[in-house]
Amino acid sequence: MGEAVKRRERDRRPERLVIAMTGATGVIYGVRLLETLRDTSVETHLVMSEWARRTIIAETDRNPDAVRDLADQVHEEGDLAAPPASGSFLTDGMVVAPCSMKSLAAIATGVSESLVHRAADVTLKEGRRLLLLVRETPLSVIHLENMLRVAQAGALVMPPLPAFYARPQSLEEMVDHTVGRVLDHFGVDHDLVRRWGEQRQRATRFGVTP
């Protein structure tokens, strides 16, 4: 398919993203992404694993059902007949936030044992954007090889690492910076990121000035 045809296909696609949340630490990234997209025209389709639900309870003050309500549509992780399981369901791509090493391994090997994995597989085979906010440390050779494999298949591996040049003043600012960078890759307008070159506040804790 030529680039001109691909551009026309992208132009006529609805603004629709699949958001998946797995059981890795860092569920706040998925929550914040849903909160931000709720104020845009992007239609969100959420797939939340059971372990993501448990992690929301463990790491945040949010109710998993309230998080589900942030999405336009919710699909159960075991429903492999849901729309995101098919390439004919047009989307602008998918974000897995956070992405556990189990989900990374399943995506890297094409094992579609849940809707999270199948939707990611569909995203790759259709040539759409797939962003994986992988969460683990330290990283084993297996983890690194799986990251390389999905990157070679077209996914963007995006560990949610803080950008200290933005001089974050809170955990919320650190989370927003990563979420903003995710939105950048889908062309979604936002004001979450203090970008390189923009005026920054003085950092007083360490006595460092911009």
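The values are calculated or read from the model by the stated rules, or taken from the named source; none is laboratory data. Note that the structure is a prediction, hence the values are computed from the model and not measured. Glycine also receives a Cβ, built like all others from the backbone with ideal geometry; neighbour counts cover every protein chain displayed.
Looking only at the range 166-186, how many residues end up being farther than 15 Å from LEU33 by Cβ, of a type outside the set (A, V, I, L, M) and exposed (fewer than 13 other Cβ atoms within 10 Å of the Cβ)?
Of the residues in the range 166-186, 2 are farther than 15 Å from LEU33 by Cβ, of a type outside the set (A, V, I, L, M) and exposed (fewer than 13 other Cβ atoms within 10 Å of the Cβ).
If you scan the range 42-66, which residues turn out to be under 23 Å from HIS185 (Cα atoms) and aliphatic (A, V, I, L, M)?
VAL42, LEU46, VAL47, MET48
Enumerate the pairs (first residue in the range 188-199 and touching a residue at least 40 places away in the same chain (Cβ under 8 Å); second residue anywhere and outside any loop (DSSP other than H, G, I, E, B) and among the small types (Gly, Ala, Ser)) with beta-carbon separation below 8 Å, excluding pairs fewer than 6 apart on the same chain, so at least 6 apart or on different chains.
Hits for this filter: HIS190/GLY180; LEU192/GLY180.
Matching residues to (1) more than 25 Å from GLU136 (Cα to Cα); (2) modelled with pLDDT under 95; (3) of a type outside the set (Ser, Thr, Tyr); (4) surrounded by 20 or more Cβ atoms within 10 Å (Cβ to Cβ):
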site: GLY2; (1), (2), (3), (4): yes, yes, yes, no
site: ARG8; (1), (2), (3), (4): yes, yes, yes, no
site: ASP11; (1), (2), (3), (4): yes, yes, yes, no
site: PRO14; (1), (2), (3), (4): yes, yes, yes, no
site: GLY26; (1), (2), (3), (4): no, no, yes, yes
site: ARG32; (1), (2), (3), (4): no, no, yes, yes
site: THR44; (1), (2), (3), (4): yes, no, no, yes
site: ARG53; (1), (2), (3), (4): no, no, yes, no
site: ILE56; (1), (2), (3), (4): no, no, yes, yes
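Just the residues that are surrounded by 12 or more Cβ atoms within 10 Å (Cβ to Cβ) and closer than 19 Å to ARG32 by Cβ, please, taken from the range 131-165.
Scanning the range 131-165 gives LEU131, LEU132, LEU133, VAL134, ARG135, LEU156, MET158, PRO159, PRO160, PRO162, ALA163.
List the number of the failed condition for SER170; all other conditions in (1) of a type outside the set (A, V, I, L, M); (2) more than 20 Å from ALA120 (Cβ to Cβ); (3) under 13 Å from the mean Cα position of the chain (by Cα) hold.
(3)
Conditions tested, residue by residue: (1) at pLDDT 95 or above; (2) assigned to a loop (DSSP other than H, G, I, E, B).
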residue: SER88; (1), (2): yes, yes
residue: ILE107; (1), (2): yes, no
residue: GLU113; (1), (2): no, yes
residue: VAL116; (1), (2): yes, no
residue: ALA119; (1), (2): yes, no
residue: LEU133; (1), (2): yes, no
residue: LEU139; (1), (2): yes, yes
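Residue check: is ARG167 in contact with a Gly (Cβ under 8 Å, 6 or more places away or on another chain) and of a type in the set (D, E, K, R)?
The answer is no for ARG167.
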